[in-house]
Amino acid sequence: MCGVAGIFAYHYASNPVDRDELVRIRDHMRARGPDAEGLWLSDDGHAGLGHRRLSIIDLSAAGNQPMASADGKIVISFNGEIYNYRALRAKLEARGVRFRTQSDTEVIIESYRAYGENMFAELRGMYAFALWDADRREMLLARDPYGIKPLYYADDGWTCRVASQVKALLVSGAVSREPEPAGIVGFYLLGSVPEPFTLYQEIRSVPAGSYMRVDSLGAQAPVSHFSIARTWAAARAVRQVGNQDQTALRETLLDSVKHHLVGDVPVGAFLSSGVDSGALVGLMRDAGQRSITTVTVTFDEFRDTPADEAPLAAETARRYATDHEEYRVTRDVFREELPAALAAMDQPSIDGLNTWFVAKAAAERGLKVAVSGLGADELFGGYTSFKDVPKWARWISGPARLPGAGTIFRAFAAGFFPNASPKLRGMVDLGGSFTGAWFLRRGLFLPGDLPELLDAELLRNGLRRLRLDIRLGAALQPEPGDSFARVSTLESSFYMRNQLLRDTDWASMAHSLEVRVPYVDVELLRHCVVAPRLEKSMVASSPSVPLPMAVLQRAKTGFQTPIAQWLQEEDSLGGWRLVQGLSRPGCPWARRWSHVVGSLFAEPAL
């Protein structure tokens, strides 16, 4: 993977690009691309692009970036992989285009020249890029449909700065650190910062599935080129009736896996004891990959317990004859790695440490690319939210309409169930609507919890600017369809995008490892939304060589770490004190951990 950096001094009275500043932004992301570095400045000095390269496709120097078109009018700094670049290249060559490299980067350049903004319908992959168009004197910023790859920008009214990481923009020295209340409040509500917000008012995320132009007037409003809700809604008219053909799903999954194996370096896999990653490894075999390195993270505290991933992962590895590695994390190893992990975390999150360790293990085995089973739960209904949210919304909608019902229920819950889940008291207030029920199921803190943690004015402004209820509702427009489609859309648009994918990016990139996610694929989504309800069992049956029976029969638990146990046993961890009140036994560990992370990001130095 790579690091994108860019500066466009678009105002007529702005100073030219500071070369040293652009280098600082670029080189803060060295771990994202240790193989090569590049810098480009326009003739007038008012536009510049930087790049750090992790070489995956076309390992020669010809694939280095920033890359310019033959006439020099188009220049790009690109992070990601275009998995169908060979097919697109052939299509463009049929139109008379001549290529100078074997890279997917050049395919983006020529696709833009051929199709303009319509090129996004052609691209299959994960991507974020900044592209300079000299004729238009504009910089185009874009992200892939799901938002797998990040891209941030800061526009101060004179100059727009772009980078793959928030912290890279901060080291420029020219971006304001004025806090963004919506980002801070959003983190405590959801456990991650919801896009397009960051912790800083001046820094925004280019929305997933969108592009935006930066011209002589600055950064323009994002334009959506893909929507998960639109994809579900469009499928309603053509949705099939009857049983889904197992063969059709297998072929679609195999097609996604084949595309995600594209590259000029070996591709390994993160392997757990579950179905999702095991099926991917089996499909990698079916796709023709002869040598597969798999990596599993386990913890000493879980040895000989159902939470230990190692035994079943090893059984799956033997089934598919992989070169398997177990990486055991002890408390001492965790303590040793924690400062580096928190320093690498680009935005606060209550997750990501598991990916940090498995990415570290994969990188130590010499891998530059690994596939992950992330995304299967969102697509195939693997979370309990697919059952809980519709049920809560249906059962509570009536009581929620009664005047004062929420106040009465909160008092009742506090008096009769003082040790119950903190979310219980918000059941009537939130659970009566579909989006409210989803937030109740997925959220970290309720708004009523936050006065204990945040300044009153910051909280008031943050809630006002965030408007989470409206934001959740907007993600369901147009109406995706049934309750399954709604939950899938919310899980993919918030939990997966803002937490799982973002955490995977920073935690893997810190180890110069590219992680690919075959279940997070537009073509796979398009297949699934027109089919009758698909089950996880069909995913498990997709490899030609079946998964071990013990894996198929294992109850779903999700990936676990002993962080909860460690936090319960002590009031400090690695020098970070836990907030008073959250350190008491029985407080959910994620809430305790959120304050550790939130306090760290509140430090002025960061």
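Looking at (1) touching a residue at least 24 places away in the same chain (Cβ under 8 Å); (2) open to solvent by 50 Å² or more (accessible area, probe 1.4 Å); (3) part of a loop (DSSP other than H, G, I, E, B), can you tell me which one SER55 breaks?
Among (1) touching a residue at least 24 places away in the same chain (Cβ under 8 Å); (2) open to solvent by 50 Å² or more (accessible area, probe 1.4 Å); (3) part of a loop (DSSP other than H, G, I, E, B), SER55 violates only (2).
What number of residues in segment 279-296 are within 13 Å of VAL265 (Cα to Cα) and among the hydroxyl-bearing types (Ser, Thr, Tyr)?
2
Every residue, every condition in (1) more than 19 Å from VAL369 (Cβ to Cβ); (2) within 21 Å of the chain's Cα centre (by Cα); (3) at pLDDT below 95, yes or no:
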| position | (1), (2), (3) |
| --- | --- |
| ARG290 | no, no, yes |
| VAL297 | no, yes, yes |
| PHE302 | yes, no, yes |
| ALA307 | yes, no, yes |
| ARG331 | yes, no, yes |
| PHE334 | yes, no, yes |
| PRO339 | yes, no, yes |
| ASP346 | yes, yes, no |
| ASP351 | yes, yes, yes |
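On the given criteria, is ASP144 buried (at least 22 other Cβ atoms within 10 Å of the Cβ) and either over 30 Å from GLU491 (Cα atoms) or touching a residue at least 24 places away in the same chain (Cβ under 8 Å) (or both)? Don't jump to the end; show me each part of the working.
Numbers: buried (at least 22 other Cβ atoms within 10 Å of the Cβ): yes; either over 30 Å from GLU491 (Cα atoms) or touching a residue at least 24 places away in the same chain (Cβ under 8 Å) (or both): yes.
Yes.
Can you pull out every residue in segment 315-336 that is touching a strand residue (DSSP E or B) at 6+ places or on another chain (Cβ under 6 Å) and surrounded by 15 or more Cβ atoms within 10 Å (Cβ to Cβ)?
Applying the first criterion (touching a strand residue (DSSP E or B) at 6+ places or on another chain (Cβ under 6 Å)) to segment 315-336 yields 317, 322-329.
ALA317, THR322, HIS324, GLU325, GLU326, TYR327, ARG328, VAL329 - these are the residues of segment 315-336 that are touching a strand residue (DSSP E or B) at 6+ places or on another chain (Cβ under 6 Å) and surrounded by 15 or more Cβ atoms within 10 Å (Cβ to Cβ).
Name the pairs: first residue in segment 209-223 and of a type in the set (Lys, Arg), second residue open to solvent by 60 Å² or more (accessible area, probe 1.4 Å), Cβ to Cβ under 6 Å, at least 6 apart or on different chains?
Qualifying pairs under 6 Å: ARG213/GLN220.
When segment 1-37 is examined, which residues are found to be within 21 Å of ASP104 (Cβ to Cβ) and surrounded by 18 or more Cβ atoms within 10 Å (Cβ to Cβ)? Walk me through it before giving the result.
Within segment 1-37, the subset within 21 Å of ASP104 (Cβ to Cβ) is 1-6, 26, 29, 32-37.
Matches in segment 1-37: MET1, CYS2, GLY3, VAL4, ALA5, GLY6, ARG26, MET29, ARG32, GLY33, GLU37.
The rows are residues; the columns are (1) in contact (Cβ under 8 Å) with a residue 24 or more places away in the chain; (2) touching a helix residue (DSSP H, G or I) at 6+ places or on another chain (Cβ under 6 Å); (3) farther than 30 Å from GLY263 by Cβ; (4) not charged (D, E, K, R).
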{"residue": "PRO451", "(1), (2), (3), (4)": "no, no, yes, yes"}
{"residue": "GLY462", "(1), (2), (3), (4)": "yes, yes, yes, yes"}
{"residue": "ASP469", "(1), (2), (3), (4)": "yes, no, yes, no"}
{"residue": "PRO478", "(1), (2), (3), (4)": "yes, yes, yes, yes"}
{"residue": "GLU491", "(1), (2), (3), (4)": "yes, yes, no, no"}
{"residue": "ALA507", "(1), (2), (3), (4)": "yes, yes, no, yes"}
{"residue": "GLU514", "(1), (2), (3), (4)": "yes, no, no, no"}
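Could you check how many residues of segment 58-76 are surrounded by 20 or more Cβ atoms within 10 Å (Cβ to Cβ) and either out of contact with any Phe, Trp or Tyr (no Cβ under 7 Å at 6 or more places or on another chain) or among the aromatic types (Phe, Trp, Tyr) (or both)? Lay out the reasoning, then the answer.
Looking only at segment 58-76, we keep the residues that are surrounded by 20 or more Cβ atoms within 10 Å (Cβ to Cβ), and these are 63, 65-67, 74-76.
Imposing the further condition that a residue be either out of contact with any Phe, Trp or Tyr (no Cβ under 7 Å at 6 or more places or on another chain) or among the aromatic types (Phe, Trp, Tyr) (or both) reduces the set to 63, 67.
Residues that pass the stated criteria total 2.
Would it be correct to say that HIS11 is touching a residue at least 24 places away in the same chain (Cβ under 8 Å) and in a loop (DSSP other than H, G, I, E, B)? Can you show your working first?
Numbers: touching a residue at least 24 places away in the same chain (Cβ under 8 Å): yes; in a loop (DSSP other than H, G, I, E, B): yes.
It is true that HIS11 is touching a residue at least 24 places away in the same chain (Cβ under 8 Å) and in a loop (DSSP other than H, G, I, E, B).
Give VAL238, VAL281, VAL223, VAL214 a once-over and let me know the one that is β-branched (Val, Ile, Thr) and within 21 Å of the chain's Cα centre (by Cα).
On the way: VAL238 fails: within 21 Å of the chain's Cα centre (by Cα); VAL281 fails: within 21 Å of the chain's Cα centre (by Cα); VAL214 fails: within 21 Å of the chain's Cα centre (by Cα).
Among VAL238, VAL281, VAL223, VAL214, only VAL223 is β-branched (Val, Ile, Thr) and within 21 Å of the chain's Cα centre (by Cα).
Which of the residues that make up segment 516-545 are aliphatic (A, V, I, L, M), in a loop (DSSP other than H, G, I, E, B) and in contact with a Lys or Arg (Cβ under 7 Å, 6 or more places away or on another chain)? Explain how you work it out, then say what you get.
Going through segment 516-545, the residues aliphatic (A, V, I, L, M) turn out to be 517, 520, 522, 524-525, 529-531, 534, 538-540, 545.
Then drop every residue that is not in a loop (DSSP other than H, G, I, E, B), which leaves 517, 520, 531, 534, 545.
The answer is VAL545, and nothing else.
Filter segment 192-214 down to the residues that are assigned to a loop (DSSP other than H, G, I, E, B), open to solvent by less than 10 Å² (accessible area, probe 1.4 Å) and out of contact with any helix residue (DSSP H, G or I) (no Cβ under 6 Å at 6 or more places or on another chain), then identify the one that is nearest to GLY462 (Cα to Cα).
Only one residue tops the list, namely VAL206.
Is it fair to say HIS46 is under 30 Å from the mean Cα position of the chain (by Cα) and open to solvent by 10 Å² or more (accessible area, probe 1.4 Å)?
no
Would you pick out the residues in segment 171-191 that are in contact with a Phe, Trp or Tyr (Cβ under 9 Å, 6 or more places away or on another chain), open to solvent by 10 Å² or more (accessible area, probe 1.4 Å), of a type outside the set (Ser, Thr, Tyr) and over 17 Å from ARG467 (Cβ atoms)?
If the condition is that a residue be in contact with a Phe, Trp or Tyr (Cβ under 9 Å, 6 or more places away or on another chain), open to solvent by 10 Å² or more (accessible area, probe 1.4 Å), of a type outside the set (Ser, Thr, Tyr) and over 17 Å from ARG467 (Cβ atoms), then VAL175, ARG177, GLU178, PRO179 are the ones that fit.
Suppose we filter segment 77-87 for residues that are closer than 10 Å to THR105 by Cβ and surrounded by fewer than 20 Cβ atoms within 10 Å (Cβ to Cβ); how many remain?
Selection size over segment 77-87: 0.
For every residue, the table says whether it meets (1) within 25 Å of the chain's Cα centre (by Cα); (2) at pLDDT below 70.
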site: SER541; (1), (2): no, no
site: PRO548; (1), (2): no, no
site: LYS556; (1), (2): yes, yes
site: GLU569; (1), (2): no, yes
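The values are calculated or read from the model by the stated rules, or taken from the named source; none is laboratory data. Just so it is clear, the structure is predicted and the values come from calculations on it, not from any experiment. Cβ: placed from backbone, ideal geometry, glycine included. Neighbour counts: every protein chain shown. Just the protein is used for accessible areas: all its heavy atoms, side chains included, with ligands, DNA and RNA removed. Shrake-Rupley method; radii C 1.70, N 1.55, O 1.52, S 1.80 Å.
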